[in-house]
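Each remark here refers to the structure printed beneath this line.
Just so it is clear, none of the values below were taken in a lab; they were calculated from the coordinates. None of these values were measured; they are calculated from a predicted model. All Cβ positions, even for glycine, are placed from backbone atoms using ideal geometry, and neighbour counts span all protein chains on display.
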Amino acid sequence: MASRLKQAQQSAQATKTSTPVEQITEKLGQVAATLSEQQIAKQVMESAQQIWLAGLGAFSKTQVEGKKVFETLVKQGEALESRTRHVAEATMETARDQATKTFEAASGKFDKLEQVFEARVHKSLNRLGVLTSKDVEALSNQVAELADTVRALLAQEKKTTVARPAAKKVVTKKAAKAPVAKKPARRKVAQKK
């Protein structure tokens, strides 16, 4: 409509001499344009008013029902959290069980590996003739037993020599000629195993 009004004004200016009909047409066009603009402005104002009222209504409803909606959301969140917590706890328990089983299996394998390693090292040391701590301990025990036996024999010999006075030896010609020396008895040494 506004474009028609401009066209009418331009045509009126182009022909400075206008007839009364043209003048009336021109005025009617202007009135129609202003009415049309007023109607559009009125519609825009009414739409803006409705939007404003809708916003106020939504705000009011949110205030009234907002607490209810908030409480409903909290309840739903609590329910979801409890379900999630149970699932998380079950998952954690499963993970702990798996870790325990894995640890037990690994420790059993390490024990076996350690035993195999010790056996191989012991076997290699035996081949080389190196004494192990068990061998040294066994030898120490044998030396301690021998020391105890020697002490006991020495103590017994002292008792017998003190109890009997020494007899005088009569030297005969045979005994003077060739004294016979006895060799000390050899003791067997425990062989390495």
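Structure notes:
- Euclidean distance of C-alpha centroids, the range 43-92 and the range 96-119, integer Å: 56 Å
- Each residue of the range 141-150 is assigned a 3J(HN,Hα), and the resulting list reads 5, 5, 5, 5, 5, 5, 5, 5, 5, 5 Hz, derived from the Karplus form 6.51 cos²θ - 1.76 cosθ + 1.60 (θ = phi - 60°), x at Gly and Pro.
- Listed by chain and number, the aspartates and glutamates whose C-alpha is less than 19 Å from the C-alpha of Lys158, apart from same-chain residues fewer than 8 away, are Asp148.
- Here Leu56, Leu139 are placed in order of increasing Cβ neighbour count within 10 Å, fewest first, which gives Leu56, Leu139.
- Proximal charge balance of Phe110 [Cβ under 14 Å; K/R count +1, D/E count -1]: -2
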